[in-house]
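J.: One structure, pasted below without further comment.
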Amino acid sequence: MKIKLLLSALGISLLIGCGPSVQLTKTWTDPSLNGDTKPFNKVLVIAQLKDDSTRRIAEDKIVASSPRGNFVQSYNYLQPSEQDEKLVIADLTKDGIDGIILMRLTDIEKTTSYVQGTTYYGGWGYRGGYYGGYGYGYGSPGYYQEDKTYYVETNIYDVKSNKLLWTGTVSTTNPSKLDTTLDAIITAIKTELNNKGLIKKEETKK
């Protein structure tokens, strides 16, 4: 099955677990996929993310995860001047590329939340030259925090039919490290595909 053989490569070398801030929010699979579908021979990887360096890092990670070595980065293949879709598809077909993985940033949602302050109370004692009980407190004040949730969509296309085979959207809130976040996104996608039986589960080492 094409979807099985292609998507098994998405996370095969990415062993970092998916943290609580990364969630797969929705997925869709073409119902026409079946066991007779042939595997892709060559796959073009396109990452439309926030800047060129992030794009290159993401594409390199996905390409490196291919055990067959049949993935190609778009930054090494597509030219900015190539705008005609028919000509691009013709070039892809000529070069033997029959599958596309497209990862893109679809939305950034900003929300504001209030973080409650903390107060700690001490014991009783005396102060100055007089006796008398008093209590004292210390802690940190509350504050408002802006959260950013990024939504990243991954689509897989068949070049020959120009057909979408699978799509999934992942959300991640306040990502701190690009490498870890990308690894977690790819792992989240792989986990979902495993759960749906679209790729084979890896055998547990004894």
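J.: Can you name every residue in the range 153-173 that is closer than 23 Å to T191 by Cβ, in contact with a helix residue (DSSP H, G or I) (Cβ under 7 Å, 6 or more places away or on another chain) and not hydroxyl-bearing (S, T, Y)?
T.: Kept after step one, since they are closer than 23 Å to T191 by Cβ, are these residues of the range 153-173: 153-157, 164-173.
Within this subset, residues satisfying the condition of being in contact with a helix residue (DSSP H, G or I) (Cβ under 7 Å, 6 or more places away or on another chain) are 154, 156, 165-166, 168, 170, 172.
Of everything in the range 153-173, those that are closer than 23 Å to T191 by Cβ, in contact with a helix residue (DSSP H, G or I) (Cβ under 7 Å, 6 or more places away or on another chain) and not hydroxyl-bearing (S, T, Y) turn out to be I156, L165, W166, G168, V170.
J.: Something else: Select from the range 81-113 the residues that are assigned to a loop (DSSP other than H, G, I, E, B) and charged (D, E, K, R) and write down the one among them that is nearest to E146 (Cα to Cα). I'd like the intermediate steps shown before the answer.
T.: The initial filter retains those residues of the range 81-113 that are assigned to a loop (DSSP other than H, G, I, E, B), namely 81-84, 95-98.
Pick out the ones that are also charged (D, E, K, R) and you get 82, 84, 95, 98.
Numbers: E82: 39, D84: 41, D95: 47, D98: 43 Å.
Among them, the one singled out is E82.
J.: Tell me whether the range 127-148 contains one or more residues that are within 20 Å of the chain's Cα centre (by Cα) and modelled with pLDDT of 85 or more.
T.: Restricting attention to the range 127-148, the residues satisfying the condition of being within 20 Å of the chain's Cα centre (by Cα) are 147-148.
If we keep only those that are modelled with pLDDT of 85 or more as well, we get 148.
Checked the range 127-148: at least one residue is within 20 Å of the chain's Cα centre (by Cα) and modelled with pLDDT of 85 or more.
J.: Let me ask you something else. Can you pull out the residues in the range 59-80 that are in contact with a strand residue (DSSP E or B) (Cβ under 7 Å, 6 or more places away or on another chain), closer than 23 Å to I185 by Cα and assigned to a loop (DSSP other than H, G, I, E, B)?
T.: Our first condition is that a residue be in contact with a strand residue (DSSP E or B) (Cβ under 7 Å, 6 or more places away or on another chain); within the range 59-80, this holds for 59-60, 62-63, 70-74, 77.
Among the residues that remain, those that are also closer than 23 Å to I185 by Cα are: 59-60, 62-63, 70-74.
Hit for the range 59-80 is N70, nothing else.
J.: State yes or no: is L193 modelled with pLDDT under 75 and in a helix (DSSP H, G or I)? Full working, then the answer.
T.: Working: modelled with pLDDT under 75: yes; in a helix (DSSP H, G or I): yes.
It is true that L193 is modelled with pLDDT under 75 and in a helix (DSSP H, G or I).
J.: Would you check which residues across the range 140-156 are touching a Leu at 6+ places or on another chain (Cβ under 9 Å), aromatic (F, W, Y) and without any contact (Cβ under 8 Å) to a residue 60 or more places away in the chain and list them? Even if it seems obvious, please write down each step before you answer.
T.: As a first pass, look at the range 140-156 and keep what is touching a Leu at 6+ places or on another chain (Cβ under 9 Å): 150-156.
From what's left, aromatic (F, W, Y): 150-151.
Within the range 140-156, Y150 is the sole residue that qualifies.
J.: I want to confirm something. Restricting to the range 149-190 and keeping residues that are of a type in the set (V, I, T) and assigned to a helix (DSSP H, G or I), which single residue is farthest from the chain's Cα centre (by Cα)? Don't jump to the end; show me each part of the working.
T.: Residues of the range 149-190 of a type in the set (V, I, T): 149, 152, 154, 156, 159, 167, 169-170, 172-173, 180-181, 185-187, 189.
If we keep only those that are assigned to a helix (DSSP H, G or I) as well, we get 180-181, 185-187, 189.
Values: T180: 10, T181: 7, I185: 3, I186: 5, T187: 8, I189: 7 Å.
It comes out as T180.
J.: Continuing with the same structure: In the range 85-120, which residue that is charged (D, E, K, R) and loosely packed, with under 10 Cβ neighbours inside 10 Å is farthest from S171 (Cα to Cα)? It would help to see each step written out before you state the result.
T.: Just the residues of the range 85-120 that are charged (D, E, K, R), to begin with: 85-86, 91, 94-95, 98, 104, 107, 109-110.
Retained after the next criterion (residues that are loosely packed, with under 10 Cβ neighbours inside 10 Å): 85-86, 94, 110.
Details: E85: 29, K86: 33, K94: 36, K110: 13 Å.
The residue in question is K94.
J.: I want to confirm something. Restricting to the range 157-174 and keeping residues that are in contact (Cβ under 8 Å) with a residue 24 or more places away in the chain and out of contact with any strand residue (DSSP E or B) (no Cβ under 8 Å at 6 or more places or on another chain), which single residue is farthest from T27 (Cα to Cα)?
T.: Kept after step one, since they are in contact (Cβ under 8 Å) with a residue 24 or more places away in the chain, are these residues of the range 157-174: 157-160, 162-174.
So of that shortlist, the ones also out of contact with any strand residue (DSSP E or B) (no Cβ under 8 Å at 6 or more places or on another chain) come out as 160, 162.
Values: K160: 23, N162: 19 Å.
If we take residues in the range 157-174 being in contact (Cβ under 8 Å) with a residue 24 or more places away in the chain and out of contact with any strand residue (DSSP E or B) (no Cβ under 8 Å at 6 or more places or on another chain), then K160 is farthest from T27 (Cα to Cα).
J.: Please state which of the following conditions S65 fails to meet, knowing it meets all the rest: (1) surrounded by 10 or more Cβ atoms within 10 Å (Cβ to Cβ); (2) under 28 Å from P39 (Cα atoms); (3) modelled with pLDDT of 80 or more.
T.: Going through (1) surrounded by 10 or more Cβ atoms within 10 Å (Cβ to Cβ); (2) under 28 Å from P39 (Cα atoms); (3) modelled with pLDDT of 80 or more one by one, S65 breaks only (3).
J.: Looking only at the range 152-190, how many residues end up being closer than 23 Å to I57 by Cβ, surrounded by fewer than 16 Cβ atoms within 10 Å (Cβ to Cβ) and of a type outside the set (K, R)?
T.: Final tally of qualifying residues: 6.
The values are calculated or read from the model by the stated rules, or taken from the named source; none is laboratory data. Just so you know, these numbers come straight off a predicted model, no measurement behind them. Here the Cβ is made from the backbone with ideal geometry for all residues, glycine too, and neighbour counts use every protein chain on show.
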